[in-house]
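Visitor: First the structure, which I've put down as C-alpha cells, then a few questions once you've had a look.
Every read-out reported here was derived from the displayed coordinates using simple, explicitly stated rules and does not represent laboratory data. Keep in mind the model is a prediction, meaning the values are calculated, not measured. Every residue, glycine among them, receives a Cβ derived from its backbone with ideal geometry; neighbour counts consider all protein chains shown.
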Ligand SMILES: NC(=O)c1ccc[n+]([C@@H]2O[C@H](COP(=O)([O-])OP(=O)(O)OC[C@H]3O[C@@H](n4cnc5c(N)ncnc54)[C@H](OP(=O)(O)O)[C@@H]3O)[C@@H](O)[C@H]2O)c1
C-alpha cells in the first residue's frame with residue numbers, strides 16, 4: 001500500500017480521469033480538483049477520492065487541495081483569456097510543499113531551451129491556434145507558454161511532460177521520450193492518452209525527470225520501435 005497523498009488538478013478531463021485511475025491502482029490517496037460543473041464526470045470515482053470543486057486558478061482552492069500532498073499532477077490548459085494556465089501553475093508552485101513532486105502536462109509546442117525542431121504540421125497547427133485565439137479568445141497559447149516559463153524558472157521539483165498528438169485506445173505501455181522535438185525517436189508524433197497519463201503518474205517516482213521537460217511518444221509507434 002502506498003502511503004503517499006497526491007493531488008490531480010484538472011481531474012475531470014480525459015487526461016485527468018486516466019491519471020486518477022493509474023494513481024488509485026498504485027495506492028495513492030488522491031485529492032482531485034475540477035470545475036463545479038464537471039463534478040458529475042467523476043461519479044465513477046465517488047468514495048475513492050477527495051474531491052474539491054472549483055476553478056483550478058482559484059488560489060484558495062489550490063491551497064486547500066495541495067495541502068500535505070507529496071505530489072501534484074496538473075493538467076495545464078490554455079483556456080480563456082484570463083491567464084488560466086498561468087494562474088493554475090503559480091498557485092500550485094506557491095502552495096505545494098517545497099519537497100513535493102510537481103508534474104505538469106502540455107504539448108510539444110512548449111520549448112524549454114529553444115532547441116526543438118518542429119514538424120511543419122505542428123507549426124501550422126500553432127499558427128491556426130493563435131489565429132483562433134485572437135478571433136475567439138477561447139484559448140490563449142501564450143498563457144500556457146508563460147505558465148511553463150515560470151515553472152522552468154522555479155526551484156520547485158518540477159517535470160513538464162510535453163505530449164505529442166494524442167489518440168484513444170488501450171494502453172501500450174510507458175511512452176518513450178526525448179529532450180527535443182525533432183529527435184528521430186519522436187517522429188511518429190502519437191501517444192495513447194492513457195499512456196500519457198501513465199507517464200505523468202510514473203514521473204512522481206522518477207527523480208531523474210526532475211527539472212526535465214520530456215517530449216513523449218507512444219512506445220509502440222514506428223519511430224519508438226526504430227530508435228529506442
Ligand atoms: N489534445 C491533444 O491532442 C494534446 C496534445 C498534446 C498535449 N496535450 C496536453 O494534454 C493535456 C490534456 O489535454 P486533453 O486535450 O487531453 O484534454 P482533457 O484531458 O480533456 O483536459 C481538458 C481540461 O480542461 C478543462 N477545461 C475544459 N474547458 C475549460 C474551460 N472553458 N475552462 C477551464 N477549464 C476547462 C477540463 O475540465 P472539465 O472536465 O471541467 O471540462 C479538463 O480538465 C493538456 O495539458 C494539453 O496541453 C493535448
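Visitor: Show that you can apply the helix-only estimate: for the chain, add -39,500 (n - 2.57) for every DSSP H stretch of four or more residues, divide by all residues, and state [θ] at 222 nm to the nearest 500. Before the final figure, lay out the partial values.
Guide: Values: 7 runs with 79 residues, N = 228.
Roughly -10500 deg cm²/dmol at 222 nm, from the helical runs in the chain.
Visitor: So, in nm, how far is label residue 113 from label residue 46 when the simple model puts each one 7 Å beyond its Cα toward the Cβ?
Guide: Inter-label distance under the simple model: 4.9 nm.
Visitor: Against the globular-protein guess of 2.2 N^0.38 Å, express the Cα radius of gyration of the stretch 91-144 as a ratio, rounded to two decimals.
Guide: 1.47
Visitor: When all alpha-carbon pairs of the chain are counted, what percent fall beyond 22 Å?
Guide: Summing the P(r) of the chain above 22 Å gives 49 percent of all pairs.
Visitor: Full extension from residue 152 to residue 172: what is 0.36 nm times the residue separation minus their Cα-Cα distance, to one decimal in nm?
Guide: The span from residue 152 to residue 172 would gain 4.2 nm if fully extended.
Visitor: Starting from the 7 Å offset along Cα-to-Cβ, what nm value, one decimal, do you get for the label separation of residue 97 and residue 135?
Guide: 4.8
Visitor: Evaluate the Debye formula for the stretch 110-195 with equal point scatterers sitting on the alpha carbons, no solvent, and hand back log10 of I(q)/I(0) at q = 0.13, 0.14, 0.16 Å⁻¹, in q order, two decimals.
Guide: -0.53, -0.62, -0.81
Visitor: Return, ordered by residue number, the residues of the stretch 91-113 whose backbone nitrogen is under 12 Å from a label point located 7 Å along Cα→Cβ of residue 4.
Guide: Output list for this probe position: 100-103.
Visitor: May I have the pair-distance distribution P(r) for the stretch 1-123, computed from all Cα-Cα distances with 5 Å bins from 0 and rounded to whole percent?
Guide: Whole-percent P(r) values from 0 Å outward: 2, 11, 21, 23, 18, 12, 7, 5, 1, 0.
Visitor: Can you tell me the order of 28-34, 95-101, 74-80 when each peptide is scored by its average per-residue count of other Cβ atoms within 10 angstrom, highest first?
Guide: Put in order of decreasing packing, that is 28-34, 74-80, 95-101.
Visitor: In whole Å, what are the extents of the stretch 41-94 along the principal axes defined by its C-alpha atoms, from largest to smallest?
Guide: The Cα atoms of the stretch 41-94 stretch 34, 25, 17 Å along the principal axes, largest first.
Visitor: Using only Cα atoms, figure out Rg for the stretch 54-178 and give it as a multiple of 2.2 N^0.38 Å.
Guide: On the way: Rg = 15.3 Å, N = 125, 2.2 N^0.38 = 13.8 Å.
Its radius of gyration relative to the 2.2 N^0.38 Å reference: 1.11.
Visitor: Between the stretch 90-137 and the stretch 161-204, what is the C-alpha centre distance in whole Å?
Guide: Their Cα centres are 15 Å away from one another.
Visitor: Another question about this same structure. Between residue 212 and residue 165, with labels modelled 7 Å along Cα→Cβ, what's the label distance in nm to one decimal, could you check?
Guide: 2.6
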